[in-house]
Structure formats: C-alpha cells, structure tokens
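Worksheet for the structure shown next.
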Amino acid sequence: MKNLTLIVSFLLTFCFFESQAQTISITTDKTALILKVGEKKKLFQDYFGKKVPDMTNNAPQQHEAYITAGTDNLLEPAIRIIHTDGNPSLDLNYISHSVVKKNENVTLTTIILKDPAYPVEVDLYYESFFKENIIKTWTKINNNEKGVIQLGNYASSMLHFDAADYWLTQFHGDWAKEMKMEESRLTHGIKILDSKLGARPNLFQPPFFTLSLNGPADENRGEVIQGTLAWTGNFQFAFEIDQFNSLRVISGINPYASTYQLGVGKSFDTPEFIFTYSDNGTGEASRNFHDWATKYGILDGTQPRLTLLNNWESTGFDFNEARLSKVLDEAKTLGVDMFLLDDGWFGNKYPRKDDKAGLGDWQVNKKKLPSGLSHLAREGKDKGLKFGIWIEPEMVNPKSELYEKHPDWILKLPNREENYFRNQLVLDLLNPEVQNFVYNVVDKLLSDNPDLAYIKWDCNRMMTNTYSPYLKNNQSNLYVDYTRSFYSVLERIRQKYPHLPMMLCSGGGGRTDYGGLKYFTEFWPSDDTDGIERLFIQWGYSYFFPSFAMANHVTSWGKESLKFRTDVAMMGKLGYDINVSQMPADELHFSQQSVQTYKSLESVIWHGDMYHLVSPYKENLAVLQYVSKAQDKAVLFSYTLHTRYGSEFAPVKLKGLDPKSSYKVEETNLFPGTTSSFHENGQSFSGAYLMDMGLHVSSGKELSSAVITITRVQ
Ligand code: DGJ
C-alpha cells in the first residue's frame, strides 16, 4: 500500500500524459528541441537550437519529425516498413506522449505514433540531460500485426536544419591511422557516412560527426551539433540537403543488407543516437560530451583508472614464465599499478606462438606458463601489482581445437571458401551456445583467478563472407543480432562482475563507441603509438570522449623522444608497453618520475574541462589544456611539430581560469639533466592575464613538448 501511494504520488509529481497536447518541448539547460502536432495529427520538428524565448525556426517548410517511406515522401526516410500483407508504406499519426522526470537532471519524453491502417506503433524516445546539454534519442517499433513485418530502414533519429550552409566534419582512417578529421561543405543531394564491418563499427569510418551551421566549425564560436551512435556494429549517418536548402540528418543502424524480419508481437529497439548542440563552437560541444560520458556514458566513469605495463610490444608472442617475471619486475620498477599480459598465453594442441593458431582454445599454454595464471597473479601481488589479461573470445583460428570441435559455430558462407583476416574467423554469436561459450571464457578466467583485476577484450577482424549457420533463412537479421548478442553476453558478465575494469580493443581503434562503453571502462584508440601520429588520433577522439577513457601507452613506436611520446600518452589514461630493461638510466628515471607526476595530475586530466587551444590541423603546434572544475588547477600540454628554421609562435591564450585568481605556472615532467626553456616558468599571473595575453608554451624546437601546471596561489 505504501509502495502504491509512492508510485501514484511519483506519477502525479513527475509524469503527465497529454493526449491533446500540441507542443512537446525537449530541453536542457541551453538547448531546446521543440516538436509540434500539426495537420492530420502529424508530428513536426518545430525548432532545434539554443533555448531562447519564443522558439520557432520560422522555416517556410514544415519538417515532419520522423519521416516514413512509401506514401508521399520523396527523399531519404527515417523508417521503411513492409507490412505482413505486402503493403510497402507506413503512415504515422501522433497518439500521445509522456514526460517522466527521472531525477533532477534527466528527463525522458516518449511520443507514441501509430499507423491508422495497420497495427504498427512507433515510439520515439528522447532522454535529455539538463546540465550536460546532451540528448539521447532512440525508437521502438512494435509489430502488432498477425505476421512478420520487414523493417527496411529504422533510424534512431531524424533532425532537421535550416541554415545558409552546412559544414560536415567527418572522421576517417584505417588501421593505425584512426580518427583523421576532414571538413567539407555539404552540397545538395545526399552524403552518407557509414560502415559495413559487422563486428566493429570502425576501421575506415568511426561513428561520429560534427555539423556546423553557417560556416566551418570553430572551437569557440558558432553553432555546431556533434553526434554519435551508441552501437558496436554497422552505422549510417545520412545528410541530405533538399531543393529548399533544408538539411535532414538521419542516424541509425546501417540498413545495408539488414532488412530486419520482426516477428509477431515483437518490438525492435534502435540504438541510442547521442547528440549535443552548442552555439559556442566545438569546444563547448566536446565538453558536453565529456561531462555526460563521465556520469552516464562510460562504466564507472567517476572511478579511478589503473596505470599499467603491457607486454605486447616488448615480447609479442614470445615469452615464458621467466620472461614475464622480468616484466613484472619492470612494472614494479616503473611504479605502475598493474601488469597486463597480452596475446599468446593460451592454446596447447595448437599453441598460440603467432597469430596463425590457438585462438579459441582458452586454456593456459602449459609450456610457456607451466605454473598457470594464478601463479603470475600471485607473483604480481607479492610485488604490489595487479594482474590483467588479454582475450579475444569472439574469434577462432582454423588451427584450433575449437574449430575442430565446433565447425558449425562459425560465421561463414556455405559453398564458398573461408575468408580469413589475421588468419581468423568470427564465431556465430547469434547461437546461444556460442554466447555461453564466450561468457564462460570470461567467467572461468575470473573464477579460476579471483585476483584477476582487468581484462583487455580484443576483436581483430571485421565480418566478411557473412553467414550464420544458426539463423538459417533469416540472414538479414545477422548484423543487428550479432551486436545485440555481444551486448547480451556483456550484460551477463556485468551482472556477475559489475565493476571489473575492462578495455575495449579491436585491432587498434575498431570499437570506439558508446554502445560498447556501457560495459567497458576504457578503450584502445589505435595500435599507432608514434608520438606525432598518436597526437592527431587522440585529438580526433577528444571531441567525443573524456581523456580517462583513452588508454594511451608509451611504446617504442616513432622517432620522437621518450619525453614527447610520454607527454602525448599522459593526455589520457597512461600506460606503458615498452622494454623497460632496455631503457638507459636517464629514460628509466624519467619514466618513473612521469608515472608519479601523472598520478599527481590525473584527476585534472580525467575530470577537468578540456580546451583545444591550438589545433595541429591548423598550426605546427598542438596545445591542449585541462582545468579542474574548481578552477584551482590546470594542466597544459604543448607539442611543437615539424617546424623550420627556429619558428616562433605567438603566445597561447589559456581558457577556463578564474580571471581574478592568481596562478603560478611551472613546467613539469622535465627530462633528467634538462632545464625548462618555458619563458614564464615559475612566475605567477592573474587568470585574466593568462587568458588575455597568454604564455609562450613552445620552445620553437622541432618535436619538443612541455607539460605546464597552472596552480591557483590566491
Ligand atoms: C591488437 C591490439 O590492438 C594489440 O594491442 C594487441 O593486443 C594485439 N591485437 C594482440 O594480438
């Protein structure tokens, strides 16, 4: 009874249903998306942008909010359905909506639309995060017909814009070249960003975009929209400018080869499209993303992360107990929190001595590690280290016992040759037995080794020759259901191990999306750890992810100094993957100091407000600054790239400080035996001076870097 009273009072306080309402406002602190029920009960987008009085976009054209295919629409639709009787059209009328204030920051608006002639209901969800100015939107399609309906298109979101011109920043690349930024003006017609890789969204294109209205995107000025799809599978963003110069942006799962057969009485939930709007440029938009991700988007975003030493770059597959014992000593010497054992520790009949065999056989290799994993974990513990391990449980080498035992557990086309990538195939995760197998790989590892403190979950290939023996005649559901199966395994893992830190990795940065990061504490942005190249890669990701989510390792890639590479890795979650024993004494000393310096700065780097001060895309300099929320501490990273003949750079103006406070500026993380060439080193300035006049943060020397702390003194 008490519960009932509570529920009723909750509903009365926070939730109301308005079947007659004409205006639906989805708002955050600074943004508003206004929808209106108009003629013939159609739902229209009336306004999207800055929250101002009397919001309306005054566009001559009315834009239907979620446009259907098959009736009178002539451009790209948000949704396309074929009904059980073969009718290839959908008509959607507004039925009702509800607004539930989940707490003082989060509000969920649900709008119910229905086809007047067919029992198909489409629910639009908008979850708004007031303080962070983020909106999450997704759709549920309900099949109440008497048979299967076919979903041809099923977007998570449709947004409309009316501006003079539109500029799209897209991200692209390849292995070891992730997140390159490219901006262009959108022209009339349609532009598609997408991926068709199945098990991973990214190899060539990651699921992010920035749209700028009325001119190219700027860090501090102008109207921008940043968006991403929370989906570890095929995505599509479509940008279409029509004959009236209006732009529609449609975001969702890629409909490519994925006409979804939706059974009787079943519902289809699309993944969340997460977006933010800012009229103060990409800087504010990216900070919106960081704040939201810390609280809501990434598992345990407010919790500490572990520094580590990984053995992949130093040993590859070639290790044994003695060698790993040395790596444990190296980790201890370095002063990091954990040792992470990478690929190569498993497989007996087909030992994992290279990438050609053993994948799928998750038993410890008795020759390499006769005393088992728990021995290593114990040895680590004795040295004050945590122990983490690499797995790739969705994949199989043809040379494995798993392949021999379960040839029917593999995605591959009948009547065609197997198609390998890194000598491996993808398991048929659609099959519940395979889901159990993958779950058990993790569960057994953790049950057998209770001291295991971390997992790096890899996925080294995309899907090709894609066919699921389990799905039989329903192959067009494969791409969607693979990703859902992946999530359902992770859901089970998280029920049992809710807070185990896990890194989402995919042969470099193949899985960098908020769908996966609900279950993971961090991701691996790229295999490329060359200082300069990594700087650009991290720069791209920094528009969407907070720094603590990016696992950055110092390795021996690249020709830059260890100092430069370390300074780059520090702008994220610091780790090492390098042969520590081979470091000269000064490099070791420097690295030990860097770990400690990092620990003293990590809270500002992870949770401070981030400002892109100088972009390496525009100058031969990259400068990035993090400011604590209390404005009492800031850290600035400056990297001088390929300069010529002693270039001089103008002072760089800082951001986000309290103009009235006084701050001491000091260079830190200096290499032993060197002195600071930072012009203002050790001096104190007002926040106003630092933001209006700036600091000479570059030495002008090619491939040099500096870490500068800015500490409030009064
Ligand atoms: C690809 C990852 O990105 C690397 O860090 C490493 O774990 C290898 N796989 C191991 O096979």
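A few points about this structure:
- When the GluC sites (Glu not before Pro) in region 388-421 are filtered for DSSP coil states and for at most 14 other beta-carbon atoms within 10 Å of their beta-carbon, the remaining sites are GLU417, GLU418.
- Debye intensity ratio I(q)/I(0), log10, region 308-607, q values 0.09, 0.13 Å⁻¹ (C-alpha model): -0.45, -0.94
- Note: relative contact order over region 611-712, using C-alpha pairs below 8 Å and six or more positions apart, is 35 percent.
- Cα-centre dipole for region 611-712 with unit charges at Cβ (Lys and Arg positive, Asp and Glu negative), debye to 20: 220 debye
- Computed lengthening from LEU413 to ASN73, 0.36 nm per intervening residue step minus Cα-Cα distance: 118.7 nm
- Applying D = kT/(6 pi eta Rh) to region 2-297, where Rh is the Kirkwood radius over alpha-carbon pairs, T corresponds to 10 °C and eta to 1.306 mPa s, the Stokes-Einstein value obtained is 80 µm²/s.
- Here's the picture: charge each Lys and Arg Cβ at +1 and each Asp and Glu Cβ at -1 in the chain, and of TYR118, GLY152, PHE239 the one pushed furthest to the positive end of that dipole is TYR118.
- Label reach from ALA650 (point 7 Å along Cα→C-beta): in region 181-219, amide nitrogens under 15 Å belong to 219.
- Point-charge dipole on Cβ atoms (K/R +1, D/E -1) for the chain, about Cα centre, debye to 20: 1120 debye
- Normalised contact order of the chain, rounded percent, pairs of Cα under 8 Å and 6 or more residues apart: 9 percent
- Here the dipole of region 2-297 is about 680 debye; that uses its Cα centre as origin and unit charges on the Cβ of Lys and Arg (positive) and Asp and Glu (negative).
- Flagged links, alpha-carbon separation over 23 Å, of LYS101/LYS655; LYS136/LYS295; LYS196/LYS618; LYS366/LYS399; LYS30/LYS660; LYS51/LYS131: LYS101/LYS655; LYS196/LYS618; LYS30/LYS660
- Listed peptides 699-705, 467-473, 235-241 by packing density, highest first (mean Cβ within 10 Å): 235-241, 699-705, 467-473
- Listed by chain and number, the aspartates and glutamates placed with their C-alpha closer than 16 angstrom to that of LYS472 are ASP408, ASP428, GLU433, ASP481; residues fewer than eight positions away on the same chain are left out.
- At R0 = 41 Å, FRET efficiency that the Cβ-Cβ distance of THR23 and SER267 yields, to 0.05: 0.90
- Extreme residue, positive dipole direction of the chain, given options VAL396, GLY531, LEU43 (C-beta unit charges): VAL396
- Partner aspartates and glutamates for LYS266 [C-alpha distance under 13 Å; skip if fewer than 8 residues away on the same chain]: GLU121, GLU145
- For the chain, the fraction of alpha-carbon pairs in successive 10 Å shells from zero, as %: 3, 14, 23, 24, 19, 12, 4, 0, 0
- The amide H of THR668, built 1.01 Å from its N in the peptide plane, has VAL707, ILE708, THR709 as neighbours under 5 Å, considering only residues 5 or more places off or on other chains.
- Unit charges at the beta carbon, dipole of the chain: most positive-side option, VAL480, ALA164, ILE493: ILE493
- Counting 0.36 nm for each residue step from HIS375 to LYS701 and taking away their Cα separation leaves a gain of 112.6 nm.
- Largest-first principal axis extents, alpha carbons of region 611-712, Å: 38, 33, 20
- Bridgeable lysines around LYS386 (alpha carbons under 17 Å apart, same-chain partners fewer than 8 residues away excluded): LYS326, LYS332, LYS456, LYS573, LYS599.
- Per-pair calculated FRET efficiency, R0 = 45 Å: ASP300 and GLN714 via Cβ, rounded to 0.05: 0.80
- Order by protection proxy (mean Cβ within 10 Å, highest first), peptides 479-487, 83-91: 479-487, 83-91
- Phi-based couplings in Hz for region 214-229 (Karplus 6.51, -1.76, 1.60; Gly and Pro marked x): 6, x, x, 5, 10, 5, 10, 9, x, 8, 9, 10, 10, x, 8, 9
- FRET efficiency for ASN465 and ASP443, using Cβ-Cβ distance with R0 set to 25 Å, rounded to 0.05: 0.25
- Considering only the chain, percent of DSSP beta bridges that pair antiparallel, nearest 5: 85 percent
- Beta-bridge orientation, region 308-607: approximately 15 percent antiparallel, per DSSP, counting only bridges with both partners inside.
- Pairwise Cα inverse-distance average, inverted: Kirkwood Rh of region 194-303 (Å): 15.8 Å
- Long-range Cα-Cα pairs in region 271-386 (distance over 20 Å), rounded percent: 57 percent
- Tail fraction, Cα-Cα pairs, region 268-333, threshold 15 Å, whole percent: 71 percent
- Straightening the chain between SER488 and ASP329 buys 53.4 nm, computed as 0.36 nm per residue apart minus the Cα-Cα spacing.
- Highest mean packing first, where packing is the average number of other Cβ atoms within 10 Å per residue, the peptides 356-367, 438-449 line up as 356-367, 438-449.
Quick note: the coordinates plus some simple rules give every number you see, no bench work behind them. Quantities reported herein were computed from a predicted structural model and do not represent experimental measurements. Reconstructed Cβ throughout: ideal geometry from the backbone, glycine too, with neighbour counts over all protein chains shown.
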